[in-house]
Amino acid sequence: MVAKFRGFNTIDKIRAPYTLEGQDLVKRDLLNTFYTKKGERVMRPEYGSIIWDILMNPDDSATERDIRDDVIRIIDADPRVEHLYTTIIHMDHTIRIEINLKFVVLNNSDILYLEYNREIEGE
């Protein structure tokens with residue numbers, strides 16, 4: 001299959017090639033958004049996620065709703081994917097999120113895994 005998406009990435013790369021294609025590129029782009037605090041990017045105040053800001057909130061339905069709303073907002077902003085469903089798992093100092101995605105042009109689905117740890121917040 002020929003990749004429909006092609007991009008550049010240096011995360012977790014020691015040397016060239018730095019290209020990513022298809023589903024891997026889409027997932028990397030989404031991870032970049034999720035792991036950036038909302039308001040952190042210069043000139044792009046709406047880019048990023050609020051999850052870093054609510055890590056210390058109580059583990060209740062309001063916090064889970066805020067996380068779910070943020071996930072849907074970020075996924076809906078990318079026309080390459082559709083949000084199928086999200087599972088949120090709270091542990092002692094960690095929030096794990098599993099996002100089931102459908103890759104529109106590629107016509108397949110996969111899970112995007114996120115983990116936010118209160119002990120390493122902001123590193």
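The values are calculated or read from the model by the stated rules, or taken from the named source; none is laboratory data. Because the structure is predicted, anything quoted here is derived from the model rather than measured. No Cβ is skipped: glycine too gets one built from the backbone with ideal geometry, and neighbour counts run over all protein chains shown. The protein model used for the area step is the full one, side chains on, heavy atoms only, and it has no ligands, DNA or RNA in it. Shrake-Rupley method; radii C 1.70, N 1.55, O 1.52, S 1.80 Å.
Among the residues that make up segment 73-93, is at least one of them part of a strand (DSSP E or B), modelled with pLDDT of 95 or more, in contact with a Leu (Cβ under 6 Å, 6 or more places away or on another chain) and of a type in the set (S, T, N, Q)? Checked segment 73-93: no residue is part of a strand (DSSP E or B), modelled with pLDDT of 95 or more, in contact with a Leu (Cβ under 6 Å, 6 or more places away or on another chain) and of a type in the set (S, T, N, Q).
Of the residues making up segment 48-69, those that are open to solvent by less than 40 Å² (accessible area, probe 1.4 Å), modelled with pLDDT under 95 and among the hydroxyl-bearing types (Ser, Thr, Tyr) number 1.
Among the criteria (1) without any contact (Cβ under 8 Å) to a residue 60 or more places away in the chain; (2) closer than 18 Å to Asp24 by Cα, the one Asp53 does not fulfil is (2). Restricting attention to segment 78-98, the residues that are of a type in the set (Asp, Glu) and without any contact (Cβ under 8 Å) to a residue 12 or more places away in the chain total 1.
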